[in-house]
Amino acid sequence: MLKMNDMDILELARHNQQTAWKILEHTGIIPAGGRIGATVHLLGSLKSGLLAKSRDIDLHIYTDRLDIAESFSVMQNLAERLSLKEVHYKNLIQTEEECIEWHALYEDEDRNAWKFDMIHIRKGSKYDGVVEKVTAAIVNRLIPEIKQTILQIKFDMPDSVMIPGIEIYQAVFVGGVRHYEQLEQWRKNNPLTNSLDRLP
């Protein structure tokens, strides 16, 4: 597998992240949540600066109560304004997660597909702020060498393979994994059960 040099990886990651920030601004997803009095938090690889080649943007939308009609109204607003190609809805209100999941595919001006994972959560529920704490813990440990390693692994990962970012971070921080082949071995020996219970 060809290895990009360090500067190429950092430049490519920076370019992809800048594109993601522009898309976030252009789509107006954060202000759309404000229409129903929601607090919207950006999470995941864009927030932590570890967005590599996967075009995913993760958001948590918090309201005091979960109102299905209000949640749909936000998505309706986005669907009317944006080139959303697919929207998936999952009602988990009656589970311990107390949320409504939205997954939308958005096509940018270059015809690249971006996935928005928008989780509408009740304030004060069990998972309120949990992923935010995980993201903050990751950012706090991101020395340049570790950031470089994580981005390299993400770029080296075959496009056909889907590995949650949290699993990669766990392998690097805890397992000392330094390249993709080591990650494959780590995953065999350390299967991830509940990613929310594993702070890196």
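The values are calculated or read from the model by the stated rules, or taken from the named source; none is laboratory data. Being a predicted model, the structure only gives us computed values, none of them experimental. Cβ atoms come from the backbone with ideal geometry, glycine included; neighbour counts cover every protein chain shown.
Of note:
- Enumeration of residues in segment 112-129 that are exposed (fewer than 15 other Cβ atoms within 10 Å of the Cβ) and of a type outside the set (D, E, K, R): 112, 113, 124
- Applying the criterion of being at pLDDT 95 or above and of a type outside the set (D, E, K, R) to the residues of segment 52-67, the residue that is nearest to the chain's Cα centre (by Cα) is 57.
- Of all residues making up segment 62-80, the number that are under 22 Å from residue 115 (Cα atoms), touching a helix residue (DSSP H, G or I) at 6+ places or on another chain (Cβ under 9 Å) and either exposed (fewer than 13 other Cβ atoms within 10 Å of the Cβ) or among the β-branched types (Val, Ile, Thr) (or both): 1
- Odd one out for residue 109, checked against (1) of a type in the set (Asp, Glu); (2) farther than 21 Å from residue 88 by Cα; (3) surrounded by 13 or more Cβ atoms within 10 Å (Cβ to Cβ); (4) at pLDDT below 95: (3)
- Applying the set (1) among the acidic types (Asp, Glu); (2) part of a helix (DSSP H, G or I); (3) surrounded by 17 or more Cβ atoms within 10 Å (Cβ to Cβ) to residue 97 leaves exactly one unmet item: (2).
- Pair list, Cβ < 8 Å and 6+ apart or interchain, from segment 153-167 residues that are surrounded by 17 or more Cβ atoms within 10 Å (Cβ to Cβ) to residues that are polar (S, T, N, Q) and not in a helix (DSSP H, G or I): 154/54
- All of 41, 103 fail the test of being surrounded by fewer than 17 Cβ atoms within 10 Å (Cβ to Cβ) and within 24 Å of residue 163 (Cα to Cα), apart from 103.
The rows are residues; the columns are (1) of a type in the set (Val, Ile, Thr); (2) under 18 Å from residue 42 (Cα atoms); (3) in the same structural domain as residue 39 (by TED's automatic domain parsing).
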position	(1), (2), (3)
87	yes, no, yes
98	no, no, yes
103	no, yes, yes
141	no, no, no
144	no, no, no
149	yes, no, no
163	yes, no, no
